[in-house]
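> Before anything else, here's the structure in question.
Read-outs throughout are calculated quantities, based only on the coordinates presented, and are distinct from any laboratory measurement. Treat the numbers as computed from the prediction; the structure is a model and nothing was measured. Heads up, the Cβs are rebuilt from the backbone with ideal geometry, glycines too, and the neighbour counts pull from every protein chain shown.
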Amino acid sequence: MIRPAPVLRTSANGAGLFAGLVGLAMLASVVLAQALTFPALTGRVVDEANVLDQATRTALTDKLAALETKTSDQLVVVTLKSLQGTSIEDFGYQLGRAWGIGQKGKNNGALLIVAPTERKVRIEVGYGLEGTLTDALTTVIIESAIIPRFRANDIPGGITRGADSIMQVLSGDAELFKQQTAVKEAARKQPQDNVYAPLFVLFWLALAAFIIFTIARSHRGGGGGPWFVPVSGRSDSWSSGSSGGFSSGGFSGGGGDFGGGGSSGSW
Amino acid sequence: MSRITASAGFVRFPILAALLGLLVSGCGINNIPSYEETAKARWSEVQNQYQRRSDLIPNLVETVKGFAKQEREVLEAVTAARARATSIQLPADVVTDPEAFKKFQDAQAQLSGALGRLLAVSEKYPDLKSNQNFLALQSQLEGTENRIAVARRDYIEAVRAYNTELKTFPGVIWFKLLYATNKPMETFAVSEDVQRNPQVKF
């Protein structure tokens with residue numbers, strides 16, 4: 001739990017506590033509760049189910065990083081120990097949203113999700129990629145590139161081929177797959193997505209801090225300096241807390257959104 | 001309240017005013033309109049996805065007809081249900097009008113039922129099941145059903161936040177004072193997951 005710093009020791013203590021509680025209440029309304037627990041986004045390949053060897057993981061990570069550099073699309077491969085009792089469709093879009101895969105505004109993220117325990121696979125497509133990585137294409141990729149290899153017990157091979165196929169489509173070369181589908185997808189309008197809540201929280205916290213600072217100064221005459229640092233330090237940690245735990249110094253989601261596009265398969 | 005004993009009187013008033021402003025905005029005077037807008041945006045998304053499903057159906061009916069013309073009853077049921085669903089004139093305030101909302105929901109549920117029967121019937125025709133066009137349409141339909149489910153869940157959540165704000169403190173104060181003409185929004189009666197079409201497995 002976040003508490004106001006114990007250094008506040010004057011009659012403005014009440015005001016400080018109150019402002020802190022107000023800030024906390026505003027922050028609480030921004031952070032949403034999730035029923036499922038998602039693995040940490042440790043990189044572009046999150047192998048929670050431990051089905052990939054190191055060489056495969058490294059090779060995949062390099063290719064996925066190159067894709068993002070070239071097209072800014074974010075593709076993440078994840079294997080799950082368990083679907084926690086829910087369907088892979090239900091899990092998929094929530095995982096995509098929790099990690100924020102894809103660039104904010106463009107929503108150009110995609111996930112290749114494999115749940116070996118439940119024997120389910122899904123390609124989850126963000127709002128922005130639904131026009132390129134259509135449902136028909138993802139079904140073809142799953143049925144032709146992934147499932148046959150999974151059935152032959154070659155999980156790493158299936159994942160690699162699946163990821164390669166997705167990257168092929170995202171890089172603009174979908175002809176091979178389009179030949180296998182006869183129907184055009186309708187173009188889809190992207191929803192607007194503006195989340196300024198963390199900024200508002202920061203602003204009001206800063207204002208509260210300034211007010212406390214002014215009160216203390218007018219009351220004590222010059223002794224308010226040392227307090228400013230702990231209060232603003234706290235608002236920094238609050239802001240990073242509310243943006244959802246991105247991994248430091250490496251890969252992180254760009255804040256993209258998902259709407260349930262893509263398709264699934266099982267073996 | 002805290003005892004603010006600022007020595008200079010002219011300091012006290014602005015501080016109190018600023019704290020009052022902080023209190024007021026912290027207490028969510030803007031929540032009701034912003035939750036309302038969010039819920040309306042989510043509702044547009046729901047309608048968008050239902051429309052997308054409607055658009056897929058004529059092609060699906062034609063493809064099935066090519067292989068299973070004798071299943072006339074089921075085909076006609078789907079076509080009729082789709083016509084009914086798309087012909088409903090939704091009033092602008094459908095989200096706050098319980099009857100209009102129920103009419104919309106029922107029409108879409110009926111279409112879901114008819115589609116489910118059509119897909120179940122298609123199981124009996126191996127030529128149809130292996131037809132590329134049909135497979136593509138089927139994957140698009142499944143994808144759209146999933147998007148509908150997600151859009152509904154987002155809408156239900158947005159409406160929950162809005163309706164709760166109208167009823168709980170301090171939202172209810174702002175509601176009575178400033179937004180008395182606002183009405184609680186309708187939400188879907190049954191989760192789409194329960195109504196989901198039977199998954200056709202080959």
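> Using a 10 Å cut-off on Cβ to Cβ distances, tally the other chain neighbours for every residue of B:147-160 and report the average as a whole number.
Mean inter-chain Cβ contacts per residue within 10 Å come to 3.
> A follow-up question, please. Note down the net charge around A:LYS81, summing +1 for each Lys or Arg and -1 for each Asp or Glu among other residues with Cβ under 11 Å from its Cβ.
-3
> Would you please give the residues with an amide H less than 5 Å from that of A:VAL46, counting only those at least 5 places away or on a separate chain, with H modeled from the backbone geometry?
When sequence neighbours closer than 5 places are left aside, the close amide H contacts are A:VAL77, A:VAL78, A:THR79.
> Please name which of B:LEU90, B:VAL150, B:LEU16 has its Cα lying farthest along the dipole of chain B towards the positive end, using unit charges on Cβ (Lys, Arg +1; Asp, Glu -1) and the Cα centre as origin.
B:LEU16
> Sorting A:VAL201, A:VAL140 on the 10 Å Cβ count, fewest up front, what's the list?
Details: A:VAL201 20, A:VAL140 25.
Taking fewest neighbouring Cβ atoms as first place, the list is A:VAL201, A:VAL140.
> Now for a different question. Report D for chain B in µm² per second (integer): Stokes-Einstein, Kirkwood Rh on Cα pairs, 37 °C, 0.692 mPa s.
The Stokes-Einstein estimate is 163 µm²/s.
> How would segment B:48-102 be classified by its alpha-carbon gyration tensor: rounded, prolate or oblate, with rounded meaning a/c under 1.5 and the a/b versus b/c comparison settling the rest? Please list the in-between numbers first.
Numbers: a/c = 4.48, a/b = 2.49, b/c = 1.80.
Prolate is the answer for segment B:48-102, as a/c is 1.5 or above and a/b outweighs b/c.
> So how do B:146-153, B:168-175, A:258-265 stack up, highest first, on mean other-Cβ count within 10 Å?
A:258-265, B:146-153, B:168-175
> Can you classify segment A:65-171 as rounded, prolate or oblate using the Cα gyration tensor, where a ≥ b ≥ c are the square roots of its eigenvalues, rounded means a/c under 1.5, and otherwise it's prolate if a/b beats b/c and oblate if not?
Details: a/c = 1.81, a/b = 1.25, b/c = 1.45.
Taking the square roots of the gyration eigenvalues as a ≥ b ≥ c, segment A:65-171 is oblate.
> Averaged over B:41-52, how many beta carbons belonging to a partner chain fall within 10 Å of each residue's beta carbon?
The per-residue average across the peptide is 2.
> Over what distance in Å are the Cα centres of segment A:123-146 and segment B:137-178 separated?
27
> Positive end of the dipole of segment B:49-145, charges at C-beta (+1 Lys, Arg; -1 Asp, Glu), about the Cα centre: which of B:LEU141, B:LEU111, B:ASN59 has its Cα farthest in that direction?
Of the listed residues, the answer is B:ASN59.
> What ³J(HN,Hα) values, in whole Hz, does the Karplus curve 6.51 cos²θ - 1.76 cosθ + 1.60 give for segment B:181-188 when θ = phi - 60°, with x put for Gly and Pro?
Listing the rounded values in order: 7, 6, 10, x, 8, 7, 10, 6 Hz.
> Between A:SER82 and A:PHE203, what is the spin-label point distance in nm, taking each point 7 Å from the Cα along the Cα→C-beta axis?
Each label point is offset 7 Å from its Cα along the Cβ direction, giving 4.4 nm.
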